[in-house]
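What follows is a structure written as structure tokens; I'll ask about it next.
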Amino acid sequence: MASAPVSSEVQGPVVLICGDDEFTIKQRSRQLFERWRGELGGDDHEIIDAGCSNASQASDAVSRLREAINTRSFFGGAKVVWFKDCSFLGEDRTSGSAAVTGALGDLAKSLKEFRWDGVRLLVSAGKPDKKRVFFKWLEATGRVEWYAALSADDKDWATRAEGEVIKAIRSAGKDIRDDALAECVARVGPNLRALINEVEKVILYVGERKTVTVDDIRAITTQQKQAQAFALGEALGDRDLPRLLRLLDRELGEIRTGVEKGKSEIGVLYGLISKVRAMLLMRETRDRSLLKPVSDYSAFRAQVERIPSGQLPEDRRFNPLAGHPYVAFQAFRQSDNYAISELNRAMELLLEANLKLVGSSMDEGAVLRQALVEIVGTQPREKSRRQVS
């Protein structure tokens, strides 16, 4: 589900801000609470911590909410009640307990006839269960703003992420180059909290300078776990064997020590296959004159936007432009580091490595290292060899 647009006008006295994008939910809730406080004035506003670990705590929080709503401002003015970080509107064990569902159901019934003159209620929560009585009451009585977390499976995740980075950069009175923006998003991945943390580091790093460059991003930002495959693929695309083997060893070390749950040698291999496939496909877009050789990211992105619909596969696995355009730009640029015959051979070597990983007792690290050494070669690649064959 896409994020609800952040409106400057919120109609009605009740608002639920929810979803699985924790960063945006916290940010938006604080923004609305402060705006309502400013509009209403006074000091009788209440924040109730609704982050609970068991049914007893949740029931107590509901009781405090009921009391806060029914207690009018001491000086007769309006008040805001913020039921903050509510953790029991979902489908977990605490949310589904009879005590909690009963307390929330009773509260919803009592509030159906409540007169909201002088009271505003803000509820912030994670992903709610839409079947619950309290959610249905909130939806019927007020406004629900739903914020979905960024996901690499979302077609527009990079655009949303770039928008947040630009907003943070400009709020600090600075600008960011297009290639630096793309590099930042690609290095960090679909994680808004991590993105903003990295942007704050960059802002401190550049000091008095007004423009953030790609060198600034590379110097100070941390490669996030979900984007480490990007770094490994970049080393392969750049045909940088020492860096490639160093990054591979880091990945293998994390797999063997269990630092990164769910990561495997096969997963690393599939990431490398995806990189080589992307370079092959980007070479084809150039051979078909869909894209012209450019060294500037902005020029590349402008070309991509002009490609007629239907010219590329709908299947994301075979459409290099279905993801972040900067990743496609890198694959497009790096495809010049290999002859087309070398890219085809690289696919063969990686598929052979796949067979060895699943069908033999060979050391996984040795299999991957051997394949990469054969693909990249041990000698620096001469510029004159970077020809389309």
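The values are calculated or read from the model by the stated rules, or taken from the named source; none is laboratory data. For clarity, every value in this text was computed on a predicted model and none was experimentally measured. Note that each Cβ is placed from the backbone with ideal geometry, even for glycine, and that neighbours are counted across all protein chains shown.
Hey, could you check segment 324-344 for residues that are crowded, with 19+ Cβ neighbours inside 10 Å and not in a helix (DSSP H, G or I) and say which is modelled with the highest pLDDT?
Among them, the one singled out is TYR338.
Give segment 86-101 a look and list any residue that's more than 23 Å from ILE25 (Cα to Cα) and not in a helix (DSSP H, G or I), or say none.
Passing the criteria: only SER97.
Still on this model: Look at LEU104 and say whether it is closer than 15 Å to PRO13 by Cβ and not in a loop (DSSP other than H, G, I, E, B). Steps first, answer last, please.
Numbers: closer than 15 Å to PRO13 by Cβ: no; not in a loop (DSSP other than H, G, I, E, B): yes.
Criteria not met by LEU104.
Considering segment 148-187 alone, what residues qualify as being closer than 18 Å to ALA299 by Cα, among the small types (Gly, Ala, Ser) and at pLDDT 90 or above?
ALA180
While we're here: Give the residues of segment 138-161 that are in contact with a Gly (Cβ under 9 Å, 6 or more places away or on another chain) and either surrounded by fewer than 15 Cβ atoms within 10 Å (Cβ to Cβ) or over 22 Å from PRO190 (Cα atoms) (or both), sorted by residue number.
Once the filter is applied, which keeps residues that are in contact with a Gly (Cβ under 9 Å, 6 or more places away or on another chain) and either surrounded by fewer than 15 Cβ atoms within 10 Å (Cβ to Cβ) or over 22 Å from PRO190 (Cα atoms) (or both), segment 138-161 yields THR141, GLY142, ARG143, ALA152, LYS155.
Quick one: LEU204 ticks every box in (1) in the same structural domain as ARG283 (by TED's automatic domain parsing); (2) farther than 23 Å from ASP21 by Cβ; (3) hydrophobic (A, V, I, L, M, F, W, C) except a single one, so which number is it?
(1)
I've got another one for you. Among the residues of segment 166-190, how many are in a loop (DSSP other than H, G, I, E, B) and in contact (Cβ under 8 Å) with a residue 40 or more places away in the chain? Quick ask: steps written out before the conclusion?
Step one: list which residues in segment 166-190 are in a loop (DSSP other than H, G, I, E, B), which gives 172-174, 177, 189-190.
Narrowing further to those that are in contact (Cβ under 8 Å) with a residue 40 or more places away in the chain: 189-190.
So the count comes out to 2.
Of everything in segment 35-70 that's over 32 Å from the mean Cα position of the chain (by Cα) and aliphatic (A, V, I, L, M), which residue is modelled with the lowest pLDDT?
For segment 35-70, the residue satisfying everything is LEU40.
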